[in-house]
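The structure under discussion appears below in the form of structure tokens.
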Amino acid sequence: MINIAIDGPSGAGKSYLAREVSRRLGFIYVDTGAMYRAIGLYMLRNGIDPHITAQVVHALKKVSVTINYENGEQAVILNGENVNAFIRTPEVSMAASNVSAIPEVRAFLLSLQKDLAAASNVVMDGRDIGTVILPDADVKIFLCASPEARAKRRLVELLEKGTATTLEEVLADMEKRDENDRNRKIAPAVPAADAFILDNSDLDREGTVITALEMIAAKTGITAD
Ligand code: DC
């Protein structure tokens, strides 16, 4: 199977890039952030503080996370319920970031992620895909952009969804989450030694996709139709 790993900080456009690249190459898109979000959502719904490791680990026993594909879109199934509609709020983002720093949570999702990559040609996005989950991935791309560029894009997304917020709030949230994700002891969001670094601060979405497809073609010879 061909495995393409896309890692990077939040708001760099990993999901769009991974979804587009997988569509153009005919691969399956696996969004691992959505799995952490589902676990974060479970904790919030059940009154469990995502910072308190012992409580989260205990509650994890009652959690089941799986993935379905509905009309080509990944649906995250939390204890039998498709939770896609509930996992993109700022509260769930922060809860996901907090639970993702807990080793037991990462271990809980590891086999699901590895199994998906073993079964299909995938483009998988996350933070530790090239370093931990798929260290032998055929292509690794670390997608990044300046915090300001990322916050502006995230703001547009949130406003489109009707979430009332400001650039300052989004930037502050993003910097806090970056700090969390980059500096944690386990699986920090850092590039693999053999990753291509793609900084898209000055690229639009299509420019980012084209650059990534060039990197993939250079490494594997696979091109989009
Ligand atoms: O990519 P995202 O914003 O949907 O991810 C949500 C959170 O989950 C993010 O703060 C970091 C964490 N995460 C992770 O630790 N490892 C991954 N492979 C994917 C996401």
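Just so you know, all these numbers are worked out from the coordinates, no wet-lab data involved. Computed from a prediction, not measured in an experiment: that's the story for all the values here. Note: ideal-geometry Cβ built from the backbone for every residue, glycine included; neighbour counts use all protein chains shown.
Here are a few things to note about the model shown:
- Within region 42-62, none of the residues are assigned to a strand (DSSP E or B), within 16 Å of the ligand (Cβ to nearest atom), without any contact (Cβ under 8 Å) to a residue 60 or more places away in the chain and more than 20 Å from Ile133 (Cβ to Cβ).
- Residue selected from region 75-91 under the condition surrounded by fewer than 19 Cβ atoms within 10 Å (Cβ to Cβ) and not in a helix (DSSP H, G or I), by the criterion farthest from the ligand (Cβ to nearest atom): Gly80
- The lone exception for Val57 - which of (1) touching an Asp or Glu at 6+ places or on another chain (Cβ under 6 Å); (2) buried (at least 18 other Cβ atoms within 10 Å of the Cβ); (3) hydrophobic (A, V, I, L, M, F, W, C) it fails: (2)
- Filtering region 167-222 to residues that are hydrophobic (A, V, I, L, M, F, W, C), in contact with a helix residue (DSSP H, G or I) (Cβ under 6 Å, 6 or more places away or on another chain), under 24 Å from Glu157 (Cβ atoms) and surrounded by fewer than 18 Cβ atoms within 10 Å (Cβ to Cβ) leaves only Leu167.
- Only residues that are surrounded by fewer than 24 Cβ atoms within 10 Å (Cβ to Cβ) and either of a type in the set (Asp, Glu) or within 13 Å of the ligand (Cβ to nearest atom) (or both) were counted in region 18-28, giving 2.
- Restricting the search to helices (runs of 4 or more DSSP H) fully inside region 131-225 and requiring at least 3 residues that are away from the ligand (no atom under 16 Å from the Cβ) and under 28 Å from Phe27 (Cα atoms) gives 205-220.
- Complete set of residues in region 92-112 that are within 12 Å of the ligand (Cβ to nearest atom), over 15 Å from the mean Cα position of the chain (by Cα) and surrounded by fewer than 16 Cβ atoms within 10 Å (Cβ to Cβ): Pro103
- Region 118-130 - residue that is closer than 30 Å to Lys161 by Cβ and assigned to a helix (DSSP H, G or I) and, of those, nearest to the ligand (Cβ to nearest atom): Ile129
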